[in-house]
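Worksheet: the structure to be examined is printed underneath.
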Amino acid sequence: MSKSYAIAVLEGDGIGPEISAEAAKVLGAIESIADVRFDLRYAPFGGQAYFDTGASFPLETQQVCDEADVIIKGPIGLSHEESKKIPPNEQPERGALLPLRKRYSTYANFRPVYLPPELVHFSPLKPEVVGDGIDIMMIRELISGLYFGAKEEGLDAQGLRYVKETLEYDEQEIRDILHVGFTEARNRKKVLHNVHKSNVLLSSVLWNTVSDEVAAEYPDVEVKHVIVDAAATAMVLNPRQFDVMVMENMFGDILTDLAGGLIGSLGLMPSACLGHEKAYYEPSHGSAPDIAGRGIANPYSMIGSVALMLEKSFAMPREAGLVWDALRSVFREGFATPDLAKPELGHKALSTSEFGDKVAAFIVRQGSPETETV
Ligand code: NAD
């Protein structure tokens with residue numbers, strides 16, 4: 001009997017629906033080559049959900065997510081001007097994204113930064129810096145730290161407006177994400193870069209103390225400590241020195257966007273957000289209101305998130321591998337979405353749906369039993 005999975009699909013805002021459609025197309029292609037069924041359950045989430053229903057993470061959506069095996073989520077968020085039409089606590093990140101992460105305790109965010117040799121021309125770095133490619137697994141703590149700490153605002157004794165936000169971690173939260181980092185490093189090159197700011201932040205002092213304790217359980221993994229600001233420079237000057245990096249929430253938010261720049265586009269940045277019980281998958285980037293509705297968004301990040309889902313939630317490494325191959329095959333054939341296409345290199349620009357069509361066609365072609373036995 002074929003396996004069946006219920007997947008909550010939160011298309012989100014801006015380019016979210018466009019790139020989610022390509023993810024669904026790819027899931028359809030997987031169904032045609034494997035004995036599996038995906039039951040896609042769409043639900044509103046984000047800024048548009050607020051305008052339509054009065055809540056950015058409506059109760060109905062919470063129920064759909066609770067009942068699903070896994071969640072795939074497009075980016076959410078509005079332009080600066082549109083955001084102002086929503087009360088701060090219902091704005092998409094505060095009203096939907098952070099509550100989603102908290103609800104399912106998705107503490108471990110995997111953000112692969114991968115540029116294989118044949119795609120190095122997409123990087124804005126000089127050839128001698130990018131060498132034969134970049135391959136970093138960035139691991140970000142996702143449900144604690146400054147983004148989730150207590151907040152306060154008001155007027156102080158002098159009548160000045162003030163705001164206070166709290167950066168809080170307990171040792172268990174730190175230990176959990178460090179174990180994820182060490183395990184990943186053990187499975188790769190056995191080197192872990194621990195990103196911190198212990199020269200200023202007490203939270204990083206505790207982070208590093210716990211890191212020393214956890215390191216004792218992984219004697220085969222070499223730990224390299226790097227201060228977050230220096231890490232930003234080092235990633236630009238010599239990204240190839242990094243293999244697995246682990247960091248707290250806000251450092252990860254910022255450094256992973258920097259990483260997207262290193263490989264040429266945020267459109268190449270998928271991610272997996274794993275909890276102990278449930279996982280959700282989303283591109284690392286935002287809703288790109290500047291290009292929404294034009295059919296030019298790069299769906300790689302969303303389709304790559306589907307590949308991560310097949311790998312990490314459904315134990316389907318063959319199908320996940322096919323999706324990665326399919327994504328790269330499009331570039332190998334000289335095509336690219338406009339965020340990456342360089343006419344001087346002869347790239348032919350593809351729309352979002354043309355890119356998805358090519359990925360799906362590759363999967364069907366390469367994944368059918370006849371092809372496999374050839
Ligand atoms: P962004 O990540 O949406 O866009 C930054 C730049 O990258 C833009 O020029 C955009 O066109 C480009 N870009 C991003 N994804 C792309 C893709 N797939 N293909 C081609 N180009 C792509 O960042 P922003 O403009 O600062 O934020 C827009 C909204 O997204 C804001 O409301 C923000 O709060 C929200 N946001 C949401 C998430 C999330 O849902 N996890 C993450 C980051 C930002």
The summed charge of the Ala361 Cβ neighbourhood (under 12 Å; Lys/Arg +1, Asp/Glu -1) stands at 0
Scan segment 82-164 for trypsin sites (Lys or Arg not before Pro) in coil per DSSP, keeping those whose Cβ has at most 11 other Cβ atoms within 10 Å, and list them by number. Lys84, Lys85
Note down the nm distance, to one decimal, between modelled labels 7 Å out along Cα→Cβ at Asp52 and at Glu118. 3.9 nm
Which residue fluctuates most in the GNM of the chain (Cα springs below 10 Å): Ser301, Ser20, Ser105? Ser105
Just to be sure I understand: with springs between alpha-carbon atoms less than 10 Å apart, which residue in Ile136, Ile15, Ile263 has the highest mean-square fluctuation in the Gaussian network model of the chain? Ile136
With the crude spin-label approximation of a point 7 Å out along Cα→Cβ, what separation in nm comes out for Ala234 versus Asp66? 4.5 nm
Any GluC sites (Glu not before Pro) in segment 89-189 that lie in a DSSP loop and have at most 11 other Cβ atoms within 10 Å would be none
Potential lengthening between Arg318 and Glu152 on full extension [0.36 nm per residue; Cα-Cα distance subtracted]: 54.9 nm
Checking the cross-link filter: which lysines have an alpha carbon closer than 30 Å to that of Lys278, excluding same-chain neighbours under 8 positions apart? Lys3, Lys25, Lys73, Lys102, Lys151, Lys189, Lys190, Lys312
Using alpha-carbon positions, the gyration tensor of segment 238-331 gives root eigenvalues a ≥ b ≥ c; with a/c under 1.5 called rounded, otherwise prolate if a/b exceeds b/c, else oblate, the class is rounded
In nm, the gap between the two label points placed 7 Å beyond Cα toward Cβ at Glu333 and His276 is 4.6 nm
Output row, site Arg188, 7 Å Cα→C-beta label point, backbone N cut-off 20 Å, window segment 75-117, residues 107-117
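Please give the calculated 222 nm ellipticity per residue for the chain, where each DSSP H segment of at least 4 residues contributes -39500 (n - 2.57) and the sum is spread over every residue; nearest 500 deg cm²/dmol?
-12500 deg cm²/dmol
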Under the classification rounded if a/c is under 1.5, otherwise prolate if a/b is larger than b/c and oblate if not, where does segment 124-257 fall, given a ≥ b ≥ c as square roots of the Cα gyration tensor eigenvalues? oblate
Tell me, Kirkwood radius of segment 308-353 from alpha-carbon pair distances, in Å? 11.9 Å
Rounded to whole Å, give me the distance from the Cα center of segment 246-298 to that of segment 20-65. 18 Å
The chain, relative contact order in percent, only Cα pairs under 8 angstrom and at least six apart counted: 21 percent
Give, as a single signed number, the net charge of other residues whose beta carbon lies under 13 Å from the beta carbon of Asp290, with Lys and Arg counted +1 and Asp and Glu -1. -3
Antiparallel DSSP beta bridges within the chain, percent to nearest 5: 40 percent
Tally Lys/Arg at +1 and Asp/Glu at -1 over every other residue whose Cβ is under 12 Å from the Cβ of Lys348; what's the total? 0
In whole Å, what are the extents of the chain along the principal axes defined by its C-alpha atoms, from largest to smallest? 72, 51, 49
Would you calculate the volume per residue, in Å³, of the smallest convex hull containing every Cα atom of segment 18-82? 86 Å³
For segment 18-134, convex hull volume per residue from C-alpha positions, Å³: 172 Å³
Solvent-accessible heavy-atom area per residue, rounded to whole Å², over segment 113-268 at 1.4 Å: 47 Å²
Could you pull out the GluC sites (Glu not before Pro) across segment 265-355 that fall in loop regions by DSSP (anything but H, G, I, E, B) with no more than 15 other Cβ atoms inside 10 Å? Glu277, Glu333
By how many nm would the segment from Ser79 to Leu59 lengthen if fully extended, with 0.36 nm per residue of separation less the alpha-carbon distance? 4.7 nm
Selected from Leu178, Leu310, Leu237 as most flexible by GNM, with the chain as the system and alpha-carbon contacts under 10 Å: Leu237
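The values are calculated or read from the model by the stated rules, or taken from the named source; none is laboratory data. Computed from a prediction, not measured in an experiment: that's the story for all the values here. In this analysis, Cβ positions are derived from the backbone assuming ideal geometry, glycine residues included, and neighbour counts consider all displayed protein chains. When the accessible area is computed, the model is the full protein with side chains, heavy atoms only, and any ligands, DNA or RNA have been set aside. Shrake-Rupley method; radii C 1.70, N 1.55, O 1.52, S 1.80 Å.
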